[in-house]
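J.: Sharing a structure here in structure tokens format.
The values are calculated or read from the model by the stated rules, or taken from the named source; none is laboratory data. Note that this is a predicted model, so its numbers are computed, not measured. A quick note on method: Cβ atoms are made from the backbone with ideal geometry, for glycine too, and the neighbour counts reach across all protein chains shown. Heavy atoms of the whole protein, side chains included, go into the accessibility calculation; ligands, DNA and RNA do not. Shrake-Rupley method; radii C 1.70, N 1.55, O 1.52, S 1.80 Å.
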Amino acid sequence: MLKTVLKRLRSNTLHSAFQNPLEPPSPPPNRLRELIRGGQDFDILLINVRDFALLRELYGRELAQEIETQLTAVLRRAVSERLHTSPACMPLEPGEYLLCWPARGGDPRSQHDTAYEIKLIAQREANAHLLRWAGRELDLGFGCARHEGSKDLAGAGREARLFQAVGEARLRAKMRLDLSQLSLSAEFNAILHEKKVRALFQPIADFASGTILAWEALARGPEGSAFQSPAVLFDFAEQSGKLFALERLCRERAIRCLGTIAQGQKLFLNIHPKTMADPEFTHGKTLELLEEVGLAPENIVFEITERHSINEFALFHRTLDHYRSQGYLVAVDDAGAGYSGLTSVAQIRPEFIKIDMSLIQGIDKDPVKRALIETFVTFADKIGSKIIAEGIESQAQAACLIDIGVHYGQGYYLARPAAPKPALSLDTAYLRKPQDPTRVITTCLMPIGNLVEAAQTRRQGTLVPEAQHCFDTCRQHASIVVVDQEQETPVGLIMEYQLNRQLSGQFGAALYSKRPIDAIMDRHPLIVDESTPVEQTAKSAMQREKIKAYDDIIVTRQGQVLGIVTVQRLLNTLAHVQVEMAKGTNPLTGLPGNVTLEREVEAGITAGRHFAIAYADLDNFKVYNDTYGFKNGDRVIKLAADILDHSVRRFGEASDKLFHIGGDDFVMLTHPNNVERICLAATRCFKRLIRTCYCLQDRQRGNVLATGRDGVERTYPLVSLSIGILEIGGPCTLLEIGERAAHVKKYAKSMPGNVYAWDRRPPLGTSQQPKVFAPASPVPADAA
């Protein structure tokens, strides 16, 4: 009987032309047989894909079949999650699906609400697949009915009743639903009126530093309600014409619930492109709310999803330009899964590009995805954007993304959304990008105070028009330092380009005409003391956000404004110093030499620092050089330099340095607490890798047969690394350091193999005077 019903249902359709008459109807699922034979009531939900025939015509039978397969699975999952029951699910015709499950008591209106929720969940999940395949979304129609079962009816009666219920559901599916008829409408209105939206936060990790760049705000409806799912919440808002009101509420909840954040950290707010046309979106309400909670526009990133088409590009760009003029940043979400792909990204020019998780899943095993993300990174670098990878779910994915050069990451592996805002859920030290192996070989210890220029200052509360007048009358100044009312301590900075950008926006002049400069100043400018070295200041300046990279630097003396330094003058000074210091660079290893070493040592002694000097030398190197030639000899020196450099970076601090002072001699400057780990790692690694520089015969024998300086042929050990360590604890001369370093290095070289030796005498420069030369016993490379 059921096969007959299905046959009649399939024949009574507008899409019968697409049927294959040679294909028999698929057998009905056992679940539906049980429902009918049991004579019980059950609910029927009929879902159809609107314009499925056109979709099939445009994209072909294969894609249409893939959509049907995906949609069937999605519908089963949606019913199971919403009703906690296993439904019968079967296709009736191309693009049409019938779902049945045991009826539940209650108002029939709740049946429509439940059907609508299932439809929204299924549509959102199915669209995620279709957008990747075809760049468009599905529009699902739905209709529901209740089949009243009866055990007393004969087969024909049951057949007629089922056919009637399915026909009723099909008729409703062809009609457009009036959302006001749903009880969900009243529940949604209550959520808006009573502000019941919850804000969760998910951190975005900075792969370079292992810290948190920002949190993305994620909205959720009340727990246990139909609107707990964001898919239902936002889709219902969009279809009922209340998207603007919902997003305003979500923005307000996110900003108020965020709490305190560190300097430079940000909050990502999801914005639908249609919201840009909301009249309430451009009247300064967001700015007022930010000021109320102590945030600034530069802390906010508007995240625009690429899953929605942008129809009003002119209005969209005008509004976007207005917000950018105030200092807000922009991110494009779901890049690679939306309407316009890289075209819309290129037009919007976002500061951040968030890569859709579909491109991240399995990237560690998929060379095509890896190549695609590498292209994204290159593209982002060329337009001045940063890449954020979404949906990271494993360490392998994170490691692969870091290796590619992705800037930031987000996903359950790093932290799940929570409230209040969570920290990263794991120690991210190992996620940090390895430092550039090309180490900075120059150091400029000149204090930044030597470069100071006079600053133009104004007190807090000064009106914006007065600041504009200052720039018009004093053309030699490109910045204004804002100081507090009582003391001359800096509290902010206004750059002329920043002020012009704010005032040139669509509502800029009206918005700021009577407001104080506090509203537009950069509240977190780069402020350094006059004694800060130029090189350190330059590094801090270049680590600022792209838009602030060339802002003036405020220099203080005892906390009060001394003046400003422009980035142009800073870089010119560095370039001059680097040219001078590069003259002492070793051409083989690229490491700084004697001149830079002497300056570093003298600077450390002058600053009163306690540091260690490790003097490294290669044993039996001349024999190797004579036997294997100069080219291979240079290869060994380069190997030693790379190993020492890696050990310093791996176990030392950022301020530790390596020098190549000539031939096969190297010197490391490091903290005494780190020096032993550095030397142990270097000697062990060198012992293992130096064997690769010998032929197979010499490797197997463990020595080299060569002629020595006396002209006698004998066996010599393989090249080894010997390191002597001494400490500097106070004022001393370079001559004293050189003599002691030579002694301890000679002692280390007197022992066979790869070793390092400590000088046990008191540190040079301390009040204790050594009586005898008593260095420690050397530690071999294979020691524990």
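J.: Please give the per residue accessible area of the stretch 544-645, computed with a probe of 1.4 Å over protein heavy atoms only, in Å².
T.: Using a 1.4 Å probe on heavy atoms only, each residue of the stretch 544-645 averages 48 Å².
J.: For the stretch 497-547, what Kirkwood radius comes out of the mean inverse Cα-Cα distance, in Å?
T.: Working: mean 1/r = 0.0748 Å⁻¹.
One over the average 1/r among Cα pairs gives 13.4 Å for the stretch 497-547.
J.: How are the alpha carbon pair distances in the stretch 652-739 distributed across 10 Å bins from zero to the largest one, expressed in percent?
T.: Final binned percentages: 12, 34, 29, 18, 6, 0.
J.: Something else now. Sequence neighbours fewer than 8 away in the same chain don't count; with that in mind, list the aspartates and glutamates whose C-alpha is under 14 Å from K749.
T.: Once the sequence-local aspartates and glutamates are set aside, what remains near K749 is D617, D619, D664, D665, D759.
J.: I've got another one for you. Of K382/K638; K622/K687; K622/K657; K195/K242, which pairs sit farther than 23 Å apart, going by alpha carbon to alpha carbon? Write down the numbers at each step before the final one.
T.: Numbers: K382/K638 34 Å; K622/K687 17 Å; K622/K657 26 Å; K195/K242 14 Å.
Over 23 Å apart, Cα to Cα: K382/K638; K622/K657.
J.: With a 1.4 Å probe and all protein chains kept in place, how do L503, L249 rank by accessible area, largest first?
T.: On the way: L503 35, L249 10 Å².
Order by accessible area, largest first: L503, L249.
J.: Moving to a separate point now. Mark the label point 7 Å from the Cα of A245 along Cα→Cβ and return the residues of the stretch 181-216 whose backbone N is within less than 17 Å of it.
T.: Label zone hits: 181-198.
J.: Hey, can you find the accessible area per residue of the stretch 444-533 for me, probe 1.4 Å, expressed in square angstrom? The partial results should precede the final answer.
T.: Values: 4300 Å² over 90 residues.
Per residue, the stretch 444-533 has 48 Å² of solvent-accessible surface.
J.: Here's another thing I want to ask about it. Could you give me the ³J(HN,Hα) list for the stretch 617-623, computed from phi with Karplus coefficients 6.51, -1.76, 1.60 and θ = phi - 60°, whole Hz, x at Gly and Pro?
T.: 8, 8, 8, 6, 6, 4, 4
J.: OK, next. Between the stretch 358-403 and the stretch 661-739, what is the C-alpha centre distance in whole Å?
T.: The stretch 358-403 and the stretch 661-739 have Cα centres separated by 41 Å.
J.: With a Förster radius of 22 Å, plug the Cβ-Cβ distance of I383 and E545 into 1/(1 + (r/R0)^6) and report the FRET value to the nearest 0.05.
T.: Working: r = 16 Å, r/R0 = 0.71.
E between I383 and E545, to the nearest 0.05, is 0.90.
J.: Per residue and in cubic angstrom, what volume does the convex hull of the Cα atoms of the stretch 596-747 have?
T.: Values: hull volume 17.2 nm³, N = 152.
It comes to 113 Å³ per residue, whole-number rounded.
J.: Around A603, under 15 Å between beta carbons, what's the net of Lys plus Arg minus Asp minus Glu among the other residues?
T.: On the way: positive: R599, R609, K657; negative: E535, E598, E600, E602, D656.
It works out to a net charge of -2.
J.: So what are the three principal axis dimensions of the stretch 198-266 from its Cα atoms, in whole Å, longest to shortest?
T.: 43, 19, 19 Å, listed from the longest principal axis down.
J.: Same structure again: Can you give me the three principal axis dimensions of the stretch 499-640 from its C-alpha atoms, in Å, biggest first?
T.: The Cα atoms of the stretch 499-640 stretch 81, 37, 22 Å along the principal axes, largest first.
J.: Could you order the peptides 448-461, 744-757 from most to least packed, using the average number of other C-beta atoms within 10 Å per residue?
T.: Details: 448-461: 16.4, 744-757: 21.0.
Descending packing order for the listed peptides: 744-757, 448-461.
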